[in-house]
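These notes concern the structure reproduced below.
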Amino acid sequence: MNWGERWHAHVARSMEHPMFVPLYRTRARRRLLVAMGATGLLVMWADAIVSWCIAPSDMAVTVNFVLLAVALVCYLPAVTALNAATRGLASLPEHRLDERQVTERLRAYTVANTLMRLILTVVTALVLAAMWGDGPAARVPGAAVALGLISVWLTHYLLPLLVAGWRLPDPPPDDDDPDDEQ
Amino acid sequence: MAEEPVFNRIAVLRADRGVSRRDLAAALGVHYQTVGYLERGEYSPSLHLALRIAEFFEVPVEVVFSLKPFPKLGSTS
């Protein structure tokens with residue numbers, strides 16, 4: 001088994017850990033996690049907009065760090081718990097998933113692709129509208145471009161997981177776990 | 001395209017043979033939650049998986065799966 005396979009095996013085992021179960025046991029909790037992850041993404045986009053408006057300045061640097069910290073606080077627990085809830089549906093390689101999981105993953109990718117297309121359309125329209133008045137002299141701060149690209153990448157990366165977490169039905173009770181039978 | 005329901009008797013067969021979800025899942029090479037979703041009728045298996053489930057229980061596939069609901073135990077129909 002190579003290092004990649006070992007890593008995926010470790011990730012797959014970690015996702016079965018009962019520690020995360022209370023976080024995603026009900027649909028309401030899973031959707032709250034999705035909202036938390038989406039908030040993390042929105043904060044990243046807000047960071048890019050703030051940089052566009054006030055960078056370069058000391059104030060922009062401070063605001064950037066605060067917003068990045070807020071985004072991380074939302075992002076990390078939400079992504080960890082959603083990955084456990086979906087059993088790695090959006091993150092494990094296909095050969096580690098069974099046919100139901102692969103089907104669910106394809107559905108999540110399809111919905112995420114549509115959402116991403118809408119997001120890119122809206123972002124493109126807003127950027128063009130914001131730069132329209134200045135014409136060829138329009139300038140965008142480098143920090144805003146960098147944060148905008150990171151936000152696009154992160155949104156593209158995270159959307160399938162958020163969609164999968166949103167759609168996930170309540171898992172069937174585990175017949176080896178008396179807690180789950182209740 | 002709306003998905004047509006496929007009814008199954010996996011839970012009955014599993015209980016009858018005293019097989020846990022995890023054991024059945026391990027034999028089929030799927031996640032144990034997939035067995036649960038199959039039993040609840042929330043997932044319809046591929047033909048390959050359906051045949052393997054029938055093979056596991058050593059019954060014809062139509063004993064496990066049907067396009068019509070299975071008669072309840074004790075019913076005359």
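The values are calculated or read from the model by the stated rules, or taken from the named source; none is laboratory data. Quick caveat: nothing in here was measured; it's all calculated off a predicted structure. Quick reminder, even Gly has a Cβ in these numbers, built from the backbone with ideal geometry, and neighbours come from all protein chains shown.
Being in contact (Cβ under 8 Å) with a residue 12 or more places away in the chain, in a helix (DSSP H, G or I) and within 14 Å of chain B (Cβ to nearest Cβ) is the filter here, so list the residues in the stretch A:92-147 that pass it.
A:Arg96, A:Gln101, A:Glu104, A:Arg105, A:Arg107
Can you find even one residue in the stretch A:51-61 that is of a type in the set (Ser, Thr, Tyr) and at pLDDT below 85? Give the steps one after another, and end with the answer.
Pass one, the stretch A:51-61, residues of a type in the set (Ser, Thr, Tyr): A:51, A:57.
Filter once more, so that each one left must be at pLDDT below 85: A:57.
Yes, the stretch A:51-61 contains at least one residue that is of a type in the set (Ser, Thr, Tyr) and at pLDDT below 85.
Based on this model, can you work out whether B:Val35 counts as closer than 13 Å to A:Asp98 by Cβ and β-branched (Val, Ile, Thr)?
Yes, satisfied.
So which of A:Leu42, A:Leu67 is buried (at least 18 other Cβ atoms within 10 Å of the Cβ) and within 22 Å of A:Trp153 (Cα to Cα)?
From the options A:Leu42, A:Leu67, the qualifying one is A:Leu67.
I'd like to verify a number: residues in the stretch B:1-21 that are outside any loop (DSSP other than H, G, I, E, B) and either of a type in the set (A, V, I, L, M) or surrounded by fewer than 12 Cβ atoms within 10 Å (Cβ to Cβ) (or both), how many? Give the derivation first.
Taking the stretch B:1-21 and keeping what is outside any loop (DSSP other than H, G, I, E, B), we get B:7-8, B:10-17, B:21.
Now narrow it down to the ones that are either of a type in the set (A, V, I, L, M) or surrounded by fewer than 12 Cβ atoms within 10 Å (Cβ to Cβ) (or both): B:10-13, B:15-16.
Total meeting the criteria: 6.
Does at least one position in the stretch A:123-146 carry a residue that is surrounded by 18 or more Cβ atoms within 10 Å (Cβ to Cβ), in contact with a helix residue (DSSP H, G or I) (Cβ under 7 Å, 6 or more places away or on another chain) and not β-branched (Val, Ile, Thr)?
Yes, there is a match, as at least one residue in the stretch A:123-146 is surrounded by 18 or more Cβ atoms within 10 Å (Cβ to Cβ), in contact with a helix residue (DSSP H, G or I) (Cβ under 7 Å, 6 or more places away or on another chain) and not β-branched (Val, Ile, Thr).
Any idea how many residues of the stretch A:1-47 are in contact with a Lys or Arg (Cβ under 7 Å, 6 or more places away or on another chain) and either free of Cβ contacts under 8 Å to residues at least 40 places away in the same chain or under 18 Å from A:Leu76 (Cβ atoms) (or both)?
3
Determine which member of the set A:Leu82, A:Leu158, A:Leu89 is surrounded by 20 or more Cβ atoms within 10 Å (Cβ to Cβ) and under 16 Å from B:Thr34 (Cα atoms).
Of the residues listed, the single one that is surrounded by 20 or more Cβ atoms within 10 Å (Cβ to Cβ) and under 16 Å from B:Thr34 (Cα atoms) is A:Leu89.
Is the stretch A:56-65 home to any residue that is free of Cβ contacts under 8 Å to residues at least 24 places away in the same chain and among the small types (Gly, Ala, Ser)?
Yes, the stretch A:56-65 contains at least one residue that is free of Cβ contacts under 8 Å to residues at least 24 places away in the same chain and among the small types (Gly, Ala, Ser).
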